[in-house]
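Working notes, structure below.
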Amino acid sequence: MKILALDSTGLVASAAIVDENKTIAEFTLNYKKTHSQTLMPMIEKICAETELDLKTLDYIACASGPGSFTGLRIGAATAKGLAHGLGIKIIPVPTLDALAYNLPFSERVIVPIMDARRSQVYTAFFQTVDGRLEKLSEYMAEDINDVLNSLAEITDSAVFLGDGVPVFKERILEFNGAHTFAPVCANMQRAACVGALALQRENEAMDCDKFEIIYLRKSQAEREMGL
């Protein structure tokens, strides 16, 4: 099974080609360019470098959120367009699941946090059981203090990762100095993790018109308009 995986839900844009045995190629960029500038060129680059005929793909895997509203829509539109053109299905992978999968054998509770602004984060709590992720909470868009209080009811030793770490690291350590953080090589979204989880979730594949984004909260424009 060969999958093209995409993640543009946060600061990072990432595309990868994976199969059951390996990551064939991955292109990840964490730089100040918009995903509309980078995502399709990434896909074209890895296809060219690996001599991939898109018609040989079995699925498109796409990070489904939560995350940046613009990034989510760019990723979803790209995945839907490719899947429709190729006549294949999309495997949705929640962004927080894929982010947590950077640390699949951690003995600690894994807490991916994405900066949602206004002192809030998108998060969920995970642990790994026999190499597979187990979700210990619902997906949340909550104030970081509320998240830390909820986490304290589960564990006093967690590992954090994601683009919320630089924003809230000091607050996390003030709350509990026993918490730790993923290394820089494993602390941000990677499309290869989206693809790896998609391989485990083939039964969740769907037609492109059924793919839906996990928003968790309204956009800033909707909130300001009282919608």
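A few remarks follow.
- Residue list for the stretch 130-149, filter: assigned to a strand (DSSP E or B) and under 23 Å from residue 61 (Cα atoms): 132, 133, 134, 135, 140
- Any hit, the stretch 36-56, residues being assigned by TED's automatic domain parsing to the domain that holds residue 77, of a type in the set (Ser, Thr, Tyr), under 27 Å from residue 210 (Cα atoms) and modelled with pLDDT of 95 or more: yes
- Among the residues of the stretch 1-11, just one is under 18 Å from residue 113 (Cα atoms) and surrounded by fewer than 24 Cβ atoms within 10 Å (Cβ to Cβ), namely 11.
- Looking only at the stretch 188-212, and only at residues there that are part of a loop (DSSP other than H, G, I, E, B) and closer than 19 Å to residue 15 by Cβ, the one that is farthest from the chain's Cα centre (by Cα): 205
- Unmet requirement for residue 49, which otherwise passes all of (1) under 20 Å from residue 186 (Cα atoms); (2) touching a residue at least 24 places away in the same chain (Cβ under 8 Å); (3) surrounded by fewer than 16 Cβ atoms within 10 Å (Cβ to Cβ): (1)
- Of all residues making up the stretch 1-53, the number that are in contact with a strand residue (DSSP E or B) (Cβ under 9 Å, 6 or more places away or on another chain) and basic (Lys, Arg): 3
- For residue 61: the one exception among (1) part of a helix (DSSP H, G or I); (2) in contact with a helix residue (DSSP H, G or I) (Cβ under 8 Å, 6 or more places away or on another chain); (3) modelled with pLDDT of 95 or more; (4) under 24 Å from residue 30 (Cα atoms): (1)
- So residue 105, is it more than 14 Å from the chain's Cα centre (by Cα), among the aromatic types (Phe, Trp, Tyr) and modelled with pLDDT of 95 or more: no
- Close Cβ contacts (under 7 Å, 6 or more residues apart or on different chains) running from residues in the stretch 194-205 that are surrounded by 14 or more Cβ atoms within 10 Å (Cβ to Cβ) to residues that are assigned to a helix (DSSP H, G or I) comprise 194/98; 197/97; 197/98.
Each row is one residue, and each column tells you yes or no for (1) surrounded by 14 or more Cβ atoms within 10 Å (Cβ to Cβ); (2) of a type in the set (A, V, I, L, M, F, W, C); (3) not in a loop (DSSP other than H, G, I, E, B).
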| position | (1), (2), (3) |
| --- | --- |
| 37 | no, no, yes |
| 43 | yes, yes, yes |
| 66 | yes, no, no |
| 71 | yes, no, yes |
| 76 | yes, yes, yes |
| 79 | yes, yes, yes |
| 83 | yes, yes, yes |
| 104 | yes, no, no |
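The values are calculated or read from the model by the stated rules, or taken from the named source; none is laboratory data. Because the structure is a prediction, the values reported are computed rather than measured. Note: ideal-geometry Cβ built from the backbone for every residue, glycine included; neighbour counts use all protein chains shown.
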